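Right, one structure below, let's go through it.
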Amino acid sequence: MSILKRLRKGTCTENDKAILDRYVLSNPDSSDATKDLTDINRWIDDPVHACPLIVYTNAARDRHNNSMAKAFAAATGQVYHVYHSHDTRGRGRRRKQLTGLAAEAAWLVVFTGSCIVAHPMPKVPYLPGMAVFCTENLATELGISNGSPGTLVSIVYEEIDGRRYAISAEVDFKAYKSSDADTPYPHRVLLKPVTTTIHFCLPNSEKSYSATRSQLPLIPAYSFTSHNAQGRSLDVCCIDLASCPTIQSAYVMLSRVRSLKGLCILRPFRLDRIQNHISQELREELKRTDLKAERTKAYSRERLSWFYSVVPEGQVRILTEPPTSVEDSGFDIEMAPASD
């Protein structure tokens, strides 16, 4: 996509913005097909091709996840519930759960940067059937790591003073497969809470206290940050270009979707989100990678000279499915043999 090539260097044009504006959800010219991408029923009928929102900060991600969890609960006839973290102080027999103002102060401790969640969240909505992300590297060799997508199957909890606290959860992770060939659910994993140390202050006090937080390493997967989106390739997604502070973050968001047919943009954005000066460091990196690409291209042409002597440049195309005939393949059947 030519827009991506220009966005990579911050040189998008007014015409590029006009094209992207057609995919802004609030734009009257936005098609019904684009608006239908955000239908909550896609998360119920076909979660693999549902439309996640890519944002820049964890705070925006969490707000959207909470809103979508409520919509998912209403659409599936479930009751929306939030599960609190177990925050305690002390060790052994002296360990006590935080209560009152101390508990409320500790639950305010969240990670609000733009990176992936680095510790368990204080309050998380969980609903059976909802899409979730793992937030810890639990078993990378088995496909259960930070960012692994899954589906929440069930959750075991205890209720104290009207608040729910998760004890365990069953999750189906597509990337995981059990070594037991006879198991009826080969992708299912039982997860228990993980612990970490947090620091909090009581109201009207600057004194810092430490506590141990225990919570399931799961968050809803309706939204994730641009940092967490790196390396993903999506058929459908909604992006928030207006929140991007740099060209790099805008490029990451827009390049996640495979085609414009699967793109929708959350809200209107200014031209400077896709047209701006890039840093000197990035310019040097782009120059380095472009030079390396040219060298690689020259090297491959030298090594494959026998091939290009038979197939003229410009007549090679990538096949997405096997050709039905020799003519369909785009190659001459009389190939020159490779040299020794």
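The values are calculated or read from the model by the stated rules, or taken from the named source; none is laboratory data. Source: prediction; values computed, not measured. Don't worry about glycine lacking a Cβ; one is built from the backbone with ideal geometry, like all the others, and counts go over all protein chains shown.
Among the residues of segment 36-84, the ones that are farther than 19 Å from Cys264 by Cβ and at pLDDT below 95 come to 4 in all.
Residue count for segment 247-270, restricted to those that are closer than 17 Å to Leu53 by Cβ, outside any loop (DSSP other than H, G, I, E, B) and among the polar types (S, T, N, Q): 1. Leu202 passes every criterion in (1) out of contact with any strand residue (DSSP E or B) (no Cβ under 6 Å at 6 or more places or on another chain); (2) surrounded by fewer than 20 Cβ atoms within 10 Å (Cβ to Cβ); (3) under 29 Å from Cys264 (Cα atoms); (4) in contact (Cβ under 8 Å) with a residue 40 or more places away in the chain apart from (3). When Met121 is tested against (1) in contact with a helix residue (DSSP H, G or I) (Cβ under 8 Å, 6 or more places away or on another chain); (2) assigned to a strand (DSSP E or B), only condition (2) is not met.
Does Asn146 satisfy being in a helix (DSSP H, G or I), polar (S, T, N, Q) and closer than 22 Å to Gln230 by Cβ? For Asn146, the condition - in a helix (DSSP H, G or I), polar (S, T, N, Q) and closer than 22 Å to Gln230 by Cβ - is not met.
Of all residues in segment 39-55, those that are within 13 Å of Gly129 (Cα to Cα) have Cβ atoms under 9 Å from Cβ atoms of residues that are among the β-branched types (Val, Ile, Thr) and part of a helix (DSSP H, G or I), 6 or more apart or on another chain, in Ile44/Thr76.
Just the residues that are in contact with a Ser or Thr (Cβ under 8 Å, 6 or more places away or on another chain) and either in the same structural domain as Ile247 (by TED's automatic domain parsing) or at pLDDT 60 or above (or both), please, taken from segment 281-332. Selection gives Trp306 alone.
Mind telling me which of the residues Ala250, Ala221 ends up being among the aliphatic types (A, V, I, L, M) and either within 21 Å of Asn137 (Cα to Cα) or surrounded by fewer than 19 Cβ atoms within 10 Å (Cβ to Cβ) (or both)?
Values: Ala250 fails: either within 21 Å of Asn137 (Cα to Cα) or surrounded by fewer than 19 Cβ atoms within 10 Å (Cβ to Cβ) (or both).
After ruling out the rest, the residue left standing is Ala221.
Do you know which of the residues in segment 177-190 that are outside any strand (DSSP E or B) and not polar (S, T, N, Q) is surrounded by the most Cβ atoms within 10 Å (Cβ to Cβ)? This residue is His187. Among the criteria (1) part of a strand (DSSP E or B); (2) closer than 23 Å to Ala69 by Cβ; (3) free of Cβ contacts under 8 Å to residues at least 40 places away in the same chain; (4) out of contact with any Leu (no Cβ under 7 Å at 6 or more places or on another chain), the one Thr197 does not fulfil is (2). All told, Val24 meets the bar of being touching a Pro at 6+ places or on another chain (Cβ under 6 Å), β-branched (Val, Ile, Thr) and in contact (Cβ under 8 Å) with a residue 24 or more places away in the chain.
What is the residue count in segment 123-176 for residues that are more than 25 Å from Val48 (Cβ to Cβ) and either surrounded by fewer than 19 Cβ atoms within 10 Å (Cβ to Cβ) or under 17 Å from the mean Cα position of the chain (by Cα) (or both)? Write out each step before concluding.
Restricting attention to segment 123-176, the residues satisfying the condition of being more than 25 Å from Val48 (Cβ to Cβ) are 123, 156-168.
Pick out the ones that are also either surrounded by fewer than 19 Cβ atoms within 10 Å (Cβ to Cβ) or under 17 Å from the mean Cα position of the chain (by Cα) (or both) and you get 123, 156-165, 167-168.
Summing the residues that are more than 25 Å from Val48 (Cβ to Cβ) and either surrounded by fewer than 19 Cβ atoms within 10 Å (Cβ to Cβ) or under 17 Å from the mean Cα position of the chain (by Cα) (or both) in segment 123-176 gives 13.
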